[in-house]
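A.B. asks: Following this message is one structure expressed as structure tokens.
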Amino acid sequence: MQGNDVALDGVSVTYSNGFTAVHPTDLTIRPGEFFSILGPSGCGKTTILRAVSGFVQPSAGRILIGGDDQAGKAPNARPTALIFQNLALFPLMSVRENVAFGLEARRMSKRARLAKAEELLDLVALADQGSKKPGELSGGQRQRVAIARALAVEPSVLLLDEPLSALDLKLRQHMRTELRGIQKKTGVTFIYITHDQSEALTMSDRIAVMNAGRIEQVGTGDEVYSQPLTAFAATFVGEVNALPGTITSREGGLVRMDTALGQMIARNPTDMAEGSKAMLFVRPEHLRIDTGNLVNRIEATLERRDLEGAFLTLHLRATATGQPLAAHMVNTGAPLPQGTTSVGFLPEAALVLPEGPVAKTGGEHAA
Ligand SMILES: Nc1ncnc2c1ncn2[C@@H]1O[C@H](COP(=O)(O)OP(=O)(O)O)[C@@H](O)[C@H]1O
Ligand SMILES: [Mg+2]
């Protein structure tokens, strides 16, 4: 098996009721990449996957797989296979027969089909489970059967639509490692759709952050988390404190900003002009209660402390505006501030981005 690249060239999808679920999108997914599309429910993720697999026709643009234009090709004529949340395994067939099922349309003897199924079951670490019925397996094992079945037709691109969302948390976390391992072993290109940011961050080579029918950013997990390009990406991926304000001056890569909590200095990668409406984003792990000589300081009251073992989450409230703030810190046992205190952050640890829509709730925090 081998992965192909997938290129979306100006692809948009407008459904027959006139609703545009995907606005013109350019995207290149590399051969053998584990690529995730991350975004809230309804943002158009499944629509993109349907377009790639051929169940939906793009209203404009082209989809190329391995350089080959897929226009007019039926789903079963494409080098793709699709796995849904609902795995749709056949309950009365054995696991081995389920995996071999996809091969029936091929000119292969039954013996060859079952041999191939055995090979795939070995790949997903179910070599000794072939004779069981799906109902006799655990949720994670059934998931792996579905993957083996999808891989049986030797797709060069495997499309996975929130395949773990029906599983409980422990299993979901375990399956992340499994899926990543299977992807590495086969070298098949995986396009993985999820609304769960920790799934995307843990498994992917690269992530596309999607909102309201548009891809707002493509990058590695580190890039998307540490260098978000939009207010939406900053608020959907990971937790963040957001302060709206206006840019008052520029100093190199830094800007000075007026906010309701005072003047702040932070990084501004997008070269915004003085007078621009902006938002400052600072992650909880960059907010410090030991403010020393930090230039950015906010007066606040500690309202609650959540113990998470090695870490603490401090829930604070800014004195000036009542805005809630979150800070993460290592649990060293050091005494925490009582009453009014100040929190602060380094200019380099905060990011100023153009004002824009923010995520209503962050991407699900499954960890
Ligand atoms: N067949 C359809 N006709 C009209 N609108 C649709 C259809 N399928 C999906 N939509 C709408 O398109 C948007 C994107 O849907 P979808 O791609 O399923 O989002 P996601 O997978 O990100 O949750 C949603 O607003 C949804 O209601
Ligand atoms: Mg969906």
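A.B. asks: Evaluate the charge dipole of region 180-257 about its Cα centre and quote only its size in Debye, nearest 20, assuming +1 on the Cβ of each Lys and Arg and -1 on the Cβ of each Asp and Glu.
C.D. replies: Dipole of region 180-257, to the nearest 20 debye: 180 debye.
A.B. asks: Compute, for the chain, the length of the dipole vector about the Cα centre, with Cβ point charges of +1 (Lys, Arg) and -1 (Asp, Glu) only. Units Debye, rounded to 20.
C.D. replies: That gives a dipole near 1120 debye.
A.B. asks: To continue, here is another question. Taking the Cα centroid of region 112-132 and of region 229-261, what is the distance between the two, rounded to the nearest whole Å?
C.D. replies: 53
A.B. asks: When the chain is treated as a GNM, springs tying every alpha-carbon pair under 10 Å, which of ALA152, ALA208, ALA233 comes out with the largest mean-square fluctuation?
C.D. replies: Top of the fluctuation ranking is ALA152.
A.B. asks: In the neighborhood of VAL56, defined by Cβ-to-Cβ distances under 14 Å, what is the net charge if each Lys or Arg adds +1 and each Asp or Glu adds -1?
C.D. replies: +3
A.B. asks: Could you compute Rg(Cα) / (2.2 N^0.38 Å) for region 242-323, with N its residue count?
C.D. replies: This ratio for region 242-323 stands at 1.21.
A.B. asks: Per 0.36 nm of contour for each residue apart, how much would the distance between ALA74 and THR313 grow if the chain were fully extended, relative to their Cα-Cα spacing?
C.D. replies: 80.9 nm
A.B. asks: Now for a different question. Can you give me the Cα centroid spacing of region 173-189 and region 307-350 in angstrom?
C.D. replies: 37
A.B. asks: A further question on this structure: Which of LYS45/LYS73; LYS73/LYS184; LYS277/LYS360 have a Cα-Cα distance over 23 Å?
C.D. replies: The answer is LYS73/LYS184.
A.B. asks: Continuing with this model, one more query. Rg to Rh for the chain: what is it, with Cα atoms only and Rh by Kirkwood?
C.D. replies: Ratio of gyration radius to Kirkwood radius for the chain: 1.06.
A.B. asks: If we count every other residue with Cβ under 12 angstrom of ARG30's Cβ, Lys/Arg +1 and Asp/Glu -1, where does the sum land?
C.D. replies: After counting each charged neighbour, the total is -2.
A.B. asks: I want to check the label-to-label distance for GLU136 and HIS328. Put each point 7 Å from Cα in the C-beta direction and report it in nm to one decimal.
C.D. replies: 4.4
A.B. asks: Pull up the cross-link candidates among the lysines for LYS185, meaning alpha carbon to alpha carbon under 21 Å and not fewer than 8 places away within one chain.
C.D. replies: Within the straight-line cut-off, LYS185 pairs with LYS116.
A.B. asks: Could you put LEU8, LEU312 in order, starting from the residue whose Cβ has the fewest other Cβ atoms within 10 Å? Show your work: numbers first, answer last.
C.D. replies: On the way: LEU8 22, LEU312 17.
If I rank by nearby Cβ atoms, fewest first, I get LEU312, LEU8.
A.B. asks: As an exercise, use a Förster radius of 45 Å and the Cβ-Cβ distance of GLU104 and ASP26 to find the FRET efficiency, rounded to the nearest 0.05.
C.D. replies: 0.75
A.B. asks: Another question, if that's okay. Compute the label zone of THR301 within region 319-344: residues whose backbone N is under 20 Å from the point 7 Å along Cα-to-Cβ.
C.D. replies: 319-327, 336-344
A.B. asks: Label-point separation (nm) for GLN263 and GLU285, each offset 7 Å from Cα along Cα-to-Cβ?
C.D. replies: Rounded to a tenth, the inter-label distance reads 3.1 nm.
A.B. asks: What net charge do the residues around MET210 carry, taking every other residue with its C-beta under 12 Å from that of MET210, with Lys and Arg at +1 and Asp and Glu at -1?
C.D. replies: Within the 12 Å Cβ shell, the charges total +1.
A.B. asks: Less than 16 Å apart at the alpha-carbon level, and either on another chain or at least 8 residues along: which aspartates and glutamates does that give for LYS133?
C.D. replies: Within the straight-line limit of under 16 Å, LYS133 reaches these aspartates and glutamates: GLU97, GLU118.
A.B. asks: Moving on to the next point. If you take the C-alpha gyration tensor of region 60-155, multiply each eigenvalue by 5 and take the square root, what semi-axes do you get, largest first, in whole Å? List each step's numbers first, then the result.
C.D. replies: Details: eigenvalues 145, 48, 24 Å².
Taking √(5λ) for each eigenvalue gives 27, 15, 11 Å, largest first.
A.B. asks: Set the Förster radius R0 to 22 Å, insert the Cβ-Cβ distance between LYS170 and ALA88 as r into 1/(1 + (r/R0)^6), and round the FRET efficiency to 0.05.
C.D. replies: About 0.40, to the nearest 0.05.
A.B. asks: Mind checking which of TYR192, TYR15, TYR225 has the largest fluctuation in a GNM of the chain, springs on alpha carbons under 10 Å?
C.D. replies: TYR15
Throughout, read-outs are computed from the coordinates displayed, never taken from laboratory work. The shown structure was predicted, so the numbers you read here are calculated from the model rather than taken from an experiment. For neighbour counting, all protein chains shown are included, and Cβ atoms are generated from backbone atoms with ideal geometry for every residue, glycine included.
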